[in-house]
Amino acid sequence: MLSVMAATSLAVSLLVAPEAPSTADVVPPGKITVDVVTVNGSGCPAGTAAVAVADDNTAFTVTYSDYTAQAGSGSSPTDFRKNCQLNLRVHYPQGFTFGIAKADYRGFAHLPRGAKGMQRASYYFSGSSSTGTSTHNINAPITDNWQFTDSTDVAEIVFAPCGMVRNLNVNTEVRAFTNSSNQPAFVSMDSTDGSVNTRYQFAWKRC
């Protein structure tokens, strides 16, 4: 089910390399695929997360169907935080490598006045010490969709090493905090129809 695959704004730089190589406007030929090696976390129980690559090889999308943090009346103490960790293997033609230039996160939140919400994301290549993290607060009161976009300047994109297979790790989480009246509050990496797309945009370069 999780057969096709590959990775966060408010002036956030992710995976900053000391001397990240410049990249031309190139897209590799053929079909890019993404395999989900492992998926773990309270926000993505088995069968509730799927990955697909865009037909033009410029991005991939993660779709969640059961990713909600909640707090307040009726919630258990551990429900306030949900997370999902994906380990992904990207298959692409020799002579190219990739990084992540931009990520779009979307969801829905119900936060009464005095409550708080938060969305956080990070990603890194296995074996790399470069890890970027972005955190976005969701302000109350709100009962509506939310969206955040994290982007990286071209000169600061970290690319997978040429000629080496390095899995991409994508970690996300959402949190919800109730108010002093203990009113129900929730934040979903989700939408009202039960699914939402988190889109990651590739940056490609020739090796």
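A full extension of the chain between ASN182 and ASP79 corresponds to an added length of 35.7 nm, given 0.36 nm per residue minus the alpha carbon distance.
Rounded to the nearest percent, how much of the accessible area of the stretch 68-140 (1.4 Å probe, protein heavy atoms only) is carbon and sulfur?
Working: 1300 of 3180 Å².
Taking all protein chains in place, the stretch 68-140 shows 41 percent carbon and sulfur surface.
Placing +1 at every Lys and Arg Cβ and -1 at every Asp and Glu Cβ, with all other atoms neutral, what dipole size does the stretch 22-173 have around its Cα centre, in debye to the nearest 20?
Its charge dipole is roughly 380 debye.
The phi-based Karplus calculation (6.51 cos²θ - 1.76 cosθ + 1.60; θ = phi - 60°) puts the 3J(HN,Hα) values of the stretch 76-82 at 7, x, 8, 6, 5, 10, 10 Hz, whole numbers, x for Gly and Pro.
How much accessible area per residue does the stretch 71-123 have, counting only protein heavy atoms and a probe of 1.4 Å, in square angstrom?
Details: 2170 Å² over 53 residues.
Roughly 41 Å² per residue, with all protein chains present.
The values are calculated or read from the model by the stated rules, or taken from the named source; none is laboratory data. If you're wondering where the values come from, they're calculated on a predicted model, not measured in any experiment. Positions of Cβ are backbone-derived with ideal geometry, glycine not excepted, and every protein chain shown enters the neighbour counts. Note: accessible area is taken over every heavy atom of the protein model, side chains too, but ligands, DNA and RNA are not part of it. Shrake-Rupley method; radii C 1.70, N 1.55, O 1.52, S 1.80 Å.
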